[in-house]
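One structure is given here, and the rest of the page talks about it.
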Amino acid sequence: MAEKKELTCINCPLGCALTVTIDQNEITVTGNTCPRGEAYGKKEVTDPTRIVTSTVPVDGGDIARVPVKTASDIPKGKIFAVMESIHAVRVQAPVHIGDVVVKDAAGTGVDVVAARDVSVA
Amino acid sequence: MSGFTKGIETEHVGILVIGGGPAGLAAAVAAKKAGISDILIIERDRMLGGILNQCIHNGFGLHTFREELTGPEYAARFMKQAKELEIPYLLNTMVLSIDRDRRVAIMGRDCGLKTITADAVILAMGCRERPRGALSIPGTRPAGIYTAGTAQRLMNIEGFPIGRRVVILGSGDIGLIMARRLTLEGAKVLTVAELMPYSGGLKRNIVQCLNDYQIPLMLSHTVVNIHGRERVEDVTIAEVDEKRTPIPGTEVRYECDTLLLSCGLLPENELTRTLGASMCGVTGGANVDDLLQTDIPGVFACGNVLHVHDLVDYVSEEATLAGENAAAYLKGEVAARSEGIGITADGGVRYTVPQRIDPLSMRNEVTVRFRVADVYRDKTIAVYRGKTRLFARKTRVLAPGEMEQVKLDRKMLEGLTKDEGLRVTLED
């Protein structure tokens with residue numbers, strides 16, 4: 001049985017309406033106007049990933065929260081699990097950009113890192 | 001707190017940069033690199049970086065650094081350069097006024113009230129959100145109504161919770177970003193209502209902030225009533241007709257505790273207006289020439305105070321140019337300028353920046369940025385000198401939410417006269 005998914009391509013303002021058909025081992029993309037659309041459509045149905053960003057409370061810092069992000073993209077299905085791991089931590093100032101805040105978040109193998117410096121207040 | 005205390009004693013500076021956000025930082029860095037030693041940045045917030053500090057999402061810097069950075073990381077790159085170049089700045093300091101002789105009145109915690117004179121001024125004050133008062137939404141005035149950017153700051157920098165059940169009016173990028181942010185923090189975003197039949201936000205944000213989390217986008221809908229005494233209790237949303245008038249009978253009440261407004265950004269030009277610079281009615285920013293100079297000599301403008309951008313990369317690019325041009329102006333390298341030749345925007349092009357160009361003293365290449373009035377398919381962007389088409393580029397889709405640009409070559413404009421004129425337009 002072939003499965004169909006409707007997506008909007010995000011590579012450019014055109015925003016092509018893609019139809020991705022998954023038929024056993026074969027994936028076909030229609031509605032795209034360029035090869036980037038095809039690649040996007042295939043990735044979105046086989047291995048969709050996202051960068052997750054949030055903030056974490058800082059103790060003793062010159063600002064209340066430090067922005068954080070996953071060091072690379074993580075599977076889309078793990079977004080809320082990664083958010084839970086972010087919600088569980090607090091950090092102590094000083095914080096440096098790139099510091100690991102959560103190691104191997106939610107078993108993704110990807111660390112959550114600080115996205116700015118926070119000095120001691 | 002200020003970066004370099006020597007800045008405080010300065011009574012006169014070469015270039016005064018108003019605003020320490022992405023535009024101000026890039027302009028100051030460029031001016032310093034161009035050989036101007038006495039620069040001072042005035043910032044009213046308690047830190048440099050401007051709006052980028054609260055834009056914790058990724059997607060910044062794809063053009064500038066070929067990487068996807070978060071807002072704070074993008075800002076940090078420019079702050080590092082400013083620090084290495086030892087560019088002085090004052091924090092917690094407001095500019096109160098500027099006059100035509102570039103006397104600038106400032107007030108701050110550390111410096112008190114004082115006047116600084118500058119040989120050149122770069123306006124980089126950014127923009128502000130359109131507030132509820134400018135939207136004429138009927139209803140009560142309870143707590144729980146925020147502009148999307150205010151909510152973003154409260155949440156991401158100050159660390160306050162915003163609400164549990166949220167309705168968003170307007171599909172500007174900040175509203176879309178906040179829909180995702182609130183969802184990730186456990187709030188329920190019920191819907192995003194957009195008055196227009198198309199979204200004002202970037203496609204990428206609609207897909208990754210709304211579609212990813214099954215948040216509906218209701219086009220041609222608006223909030224017609226707000227209910228609640230102490231706190232928002234619910235809002236009424238109705239469909240609108242093609243004249244944007246609510247259609248009776250389509251009202252639906254949404255039970256919520258928070259309403260976010262993401263209904264457009266307005267360049268913050270109170271200073272520019274009191275200065276008496278010529279203003280553009282469409283952008284809400286100053287009219288500038290190809291050097292990004294206003295009609296007041298020595299006063300330059302760049303970034304969102306000039307016209308609202310969707311990508312910070314273009315802000316940095318524009319601001320770098322403003323910084324270099326201000327430096328050239330100080331060094332006497334800018335030839336006496338004619339009033340320039342106005343660029344006409346028509347056929348669906350709403351405005352251009354710059355608004356005028358001086359073909360005699362322009363750089364070899366000038367980038368002309370603009371926005372279109374509606375969603376257009378299969379149009380050609382064309383530039384005319386008199387009746388001659390200088391440039392044409394086919395496009396598949398153009399939208400008001402995405403800024404466009406064309407580059408003009410100095411050679412193309414050689415000998416251009418006022419009678420010929422220059423025109424940017426869309427055609428079939």
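The values are calculated or read from the model by the stated rules, or taken from the named source; none is laboratory data. Everything quoted here is computed from the prediction, not taken from an experiment. For neighbour counting, all protein chains shown are included, and Cβ atoms are generated from backbone atoms with ideal geometry for every residue, glycine included. For the accessible areas, the whole protein counts, side chains as well, though only heavy atoms, and no ligand, DNA or RNA atoms are used. Shrake-Rupley method; radii C 1.70, N 1.55, O 1.52, S 1.80 Å.
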Handout entry: Cα radius of gyration and Dmax for the range A:53-114 (Å)
Key = 11.1, 35
Completion exercise
Rounded to whole Å², per residue accessible area for the protein assembly as shown with a 1.4 Å probe reads 44 Å²
Exercise for the section: Rounded to whole Å and sorted largest first, list the principal axis extents of the Cα atoms in chain B. Expected result: 64, 58, 39
Completion exercise
In the range B:47-96, accessible area falls by at least 30 Å² from chain alone to full assembly (1.4 Å probe) for B:47, B:56, B:58, B:70, B:72, B:73
Fill in the blank from the handout: Rounded to the nearest 100 Å², the accessible area buried between A and B, both sides, probe 1.4 Å, is 2500 Å²
Fill in the blank from the handout: Length gained if residue B:409 through residue B:244 is fully extended, taking 0.36 nm per residue and subtracting the Cα-Cα distance, is 55.3 nm
Completion exercise
With every protein chain in place, the residues of the range A:9-43 shedding 40 Å² or more of accessible area versus the chain by itself (probe 1.4 Å) are A:10, A:13, A:14
Handout entry: Normalised contact order of the range B:185-280, rounded percent, pairs of Cα under 8 Å and 6 or more residues apart
Key = 20 percent
Fill in the blank from the handout: Once normalised by the length of the range B:277-428, the mean sequence separation of its alpha carbon contacts under 8 Å that are 6 or more apart gives a contact order in percent of 23 percent
Fill in the blank from the handout: With -39,500 (n - 2.57) per DSSP H segment of 4 or more residues and division by the full residue count of chain B, the 222 nm estimate, nearest 500 deg cm²/dmol, is -5000 deg cm²/dmol
Completion exercise
Expressed as a whole-number percentage, the relative contact order of chain B with C-alpha contacts under 8 angstrom and at least six residues apart is 15 percent
Handout entry: Using alpha carbons only: equivalent-ellipsoid semi-axes of the range B:172-328, gyration tensor based, whole Å
Key = 38, 19, 14
Completion exercise
Per residue convex hull volume, Cα only, chain A, in Å³ is 121 Å³
Fill in the blank from the handout: Per the 1/(1 + (r/R0)^6) rule, R0 = 35 Å and r from the Cβ atoms of residue B:360 and residue B:198, FRET efficiency to 0.05 is 0.30
Exercise for the section: Provide, as a two-decimal number, the C-alpha radius of gyration of the range B:74-212 over 2.2 N^0.38 Å, N being how many residues it has. Expected result: 1.38
Exercise for the section: Note the full-extension length gain between residue A:104 and residue A:2 as 0.36 nm times their separation in residues minus their Cα-Cα distance, in nm to one decimal. Expected result: 33.1 nm
Fill in the blank from the handout: Carbon/sulfur accessible area of the range B:131-263, % of total, 1.4 Å probe, equals 52 percent
Exercise for the section: Nearest 5 is fine: what % of DSSP beta bridges in the protein assembly as shown come out antiparallel, could you say? Expected result: 70 percent
Exercise for the section: Considering the convex hull of the alpha carbon atoms of the range B:131-263, report its projected area averaged over all viewing directions, in nm², one decimal. Expected result: 7.4 nm²
Exercise for the section: Return the carbon/sulfur percentage of the accessible area of chain A, one whole number, probe 1.4 Å, all protein chains in place. Expected result: 51 percent
Exercise for the section: Can you give me the three principal axis dimensions of the range A:1-70 from its C-alpha atoms, in Å, biggest first? Expected result: 57, 28, 16
Practice task
Determine the residues within the range B:160-206 where the difference in accessible area between the chain on its own and the full set of protein chains amounts to at least 30 Å²; count protein heavy atoms only and use a 1.4 Å probe.
Solution key: B:181, B:184, B:185, B:203, B:204
Problem - Of B:364, B:386, B:341, farthest towards positive along the dipole that unit charges on Lys, Arg, Asp, Glu beta carbons give the range B:338-428 - result: B:364
Problem - Net charge over other residues, Cβ less than 14 angstrom from the Cβ of residue A:83 (K, R count +1; D, E count -1) - result: +3
Handout entry: Per the protein assembly as shown, cysteines lacking a partner by the 4.7 Å Cβ criterion
Key = A:12, A:34, B:55, B:111, B:127, B:209, B:256, B:263, B:280, B:302
Exercise for the section: Take every DSSP beta bridge with both residues inside chain B and express the antiparallel ones as a percent of the total, to the nearest 5. Expected result: 60 percent
Problem - Range of Cα positions in the protein assembly as shown per principal axis (Å), largest first - result: 72, 61, 51
Exercise for the section: Tell me the chymotrypsin sites (Phe, Trp or Tyr not before Pro) within the range B:24-126 that lie in a loop according to DSSP and have at most 14 other beta-carbon atoms within 10 Å. Expected result: B:65
Fill in the blank from the handout: Of all DSSP beta bridges with both partners in chain A, the antiparallel percent, nearest 5, is 95 percent
Practice task
Take the range B:338-428, drop everything but the C-alpha atoms, weight them equally and run the Debye formula without solvent; then report log10 I(q)/I(0) at 0.13, 0.19, 0.23, 0.25 Å⁻¹ to two decimals.
Solution key: -0.39, -0.82, -1.15, -1.33
Exercise for the section: Over the range B:338-428, with every protein chain in place, what whole percent of the accessible area is carbon and sulfur at 1.4 Å, could you tell me? Expected result: 44 percent
